[in-house]
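Below you'll find the structure, written out as structure tokens, and then a few comments.
The values are calculated or read from the model by the stated rules, or taken from the named source; none is laboratory data. All figures in this text were calculated on a predicted structure; none of them were measured in a lab. Ideal geometry is used to build each Cβ from the backbone, glycine not excepted, and the neighbour counts take in all protein chains shown.
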Amino acid sequence: MVSWFRRKKPDAQPSVPDAPQPARPEDTSAPAPSVPDAAAASAEPAPAGKPGWRQRLRDSAFARAFSGLFSRNPRLDDDLLDEIETALLTADVGVTASTQLVESLRKRMRAREFADANALLSALRAELVAMLAPVARPLQIDPAKKPFVLLTVGVNGAGKTTTIGKLARRFKDEGRSLMLAAGDTFRAAAVAQLQAWGERNGVTVVAQGQNADAAAVAFDALQAAKARGVDVLIADTAGRLHTQGGLMDELAKVARVLRKLDPEAPHEVLMVIDGTTGQNAINQVRKFSEKLPVTGLVVTKLDGTAKGGVVFALAREFGIPIRYAGIGERPEDLRVFDAEAFVDALLPESLGG
């Protein structure tokens, strides 16, 4: 790995020759403490035999709720629909989406469309897939935009840096050349973590000292990526709460500075959402979208205790493409989001399943 690093001294020279240094943001308040991304420590190659969606998500709160609901051979009646609605609400699908979905099933049940509870389960699956299908749109790297600039954003602890490392592995496996920009300059561990991912994947990381201007790091990285003819540039940013106005304004500044070199950059603003945050994710996406257009989502930590229903709420509320889902700690557990695979992993295959 080639690491571009500039120590924070008055007479330090730029890592990239003649790179102009944008002014530091006026807001200098420190961000809320970041939660370390533990996944980076487990980025070793996975053993043979990759587990599927169902194996990874079977322990999620959503999957457990519905497995228990249909494991007792329930009667096809209003009580079953009420339990389904409760399960949806508990799994963070949201009040409006849950109510509409259950009322649709209730209407069909009263029209005698379902022969038994298994038929209702099939209808529930179809309804859930229909909610997610419009947003299950994979990220497309436009080869005409070189480098294709991907800016990652999100709140503290969502898993941005780890997601970048996993994306780097994916893009390298696809045969793409890439570069990483260590724009989380508030958290020293984030720079070291990204450099470790770069070392592991053989990817150049452009970095500066702690508390450096994130926009300057992004500018340096884009300048270097252009000079080297790199296919993809992934820029990290510091985690910030959506309520931190000054730090939120910094994101817009990073985008403005990138556009000085490429008027269309960033080509993708990828927001990383922690799947365990529930309905608070709605407010996060809304606030971040006010500062710069979020063009794609990554929902992480869906395995384990994550409820998972927030994916449906996000789809209904915003319609922003969900590019990837994080269903484990290994690099290959960052999966291209698949609506059918996701729903099938959450629901039992049949009564008693």
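Here are the numbers:
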quantity	calculated
Members of region 228-243 found to be at pLDDT 95 or above and either closer than 22 Å to Q208 by Cβ or of a type in the set (V, I, T) (or both), listed by number	R228, V230, V232, L233, I234, A235
Residue within region 322-330 that is in contact with a Leu (Cβ under 8 Å, 6 or more places away or on another chain), in contact (Cβ under 8 Å) with a residue 12 or more places away in the chain and under 29 Å from D116 (Cβ atoms) present	no
Selection status of K291, closer than 19 Å to D236 by Cβ, touching a Ser or Thr at 6+ places or on another chain (Cβ under 6 Å) and not hydroxyl-bearing (S, T, Y)	no
Count of region 115-150 residues which are part of a loop (DSSP other than H, G, I, E, B) and either crowded, with 17+ Cβ neighbours inside 10 Å or touching an Asp or Glu at 6+ places or on another chain (Cβ under 8 Å) (or both)	7
Index of the failed condition, V269 passing every other in (1) more than 12 Å from the chain's Cα centre (by Cα); (2) more than 27 Å from F62 (Cα to Cα)	(1)
Residue within region 237-252 that is basic (K, R), within 21 Å of the chain's Cα centre (by Cα) and in the same structural domain as G175 (by TED's automatic domain parsing) present	yes
Sole exception among (1) buried (at least 19 other Cβ atoms within 10 Å of the Cβ); (2) among the small types (G, A, S); (3) more than 17 Å from N156 (Cβ to Cβ) for A182, by number	(3)
Residues within region 193-232 that are among the aliphatic types (A, V, I, L, M), touching a helix residue (DSSP H, G or I) at 6+ places or on another chain (Cβ under 7 Å) and surrounded by fewer than 20 Cβ atoms within 10 Å (Cβ to Cβ), tallied	1
Flag if R169 is assigned by TED's automatic domain parsing to the domain that holds T276, of a type in the set (K, R), part of a loop (DSSP other than H, G, I, E, B) and touching a residue at least 24 places away in the same chain (Cβ under 8 Å)	no
Those residues of region 93-134 which are of a type outside the set (S, T, Y), within 24 Å of the chain's Cα centre (by Cα) and under 24 Å from E349 (Cβ atoms), in sequence order	V93, A97, R125, E127, L128, V129, A130, M131, L132, A133
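Yes or no, residue by residue, for (1) in a helix (DSSP H, G or I); (2) of a type in the set (V, I, T); (3) modelled with pLDDT of 85 or more; (4) buried (at least 19 other Cβ atoms within 10 Å of the Cβ):
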{"residue": "A48", "(1), (2), (3), (4)": "no, no, no, no"}
{"residue": "G68", "(1), (2), (3), (4)": "yes, no, no, no"}
{"residue": "L89", "(1), (2), (3), (4)": "yes, no, yes, no"}
{"residue": "A97", "(1), (2), (3), (4)": "yes, no, yes, yes"}
{"residue": "Q100", "(1), (2), (3), (4)": "yes, no, yes, no"}
{"residue": "S104", "(1), (2), (3), (4)": "yes, no, yes, no"}
{"residue": "R108", "(1), (2), (3), (4)": "yes, no, yes, no"}
{"residue": "R112", "(1), (2), (3), (4)": "no, no, yes, no"}
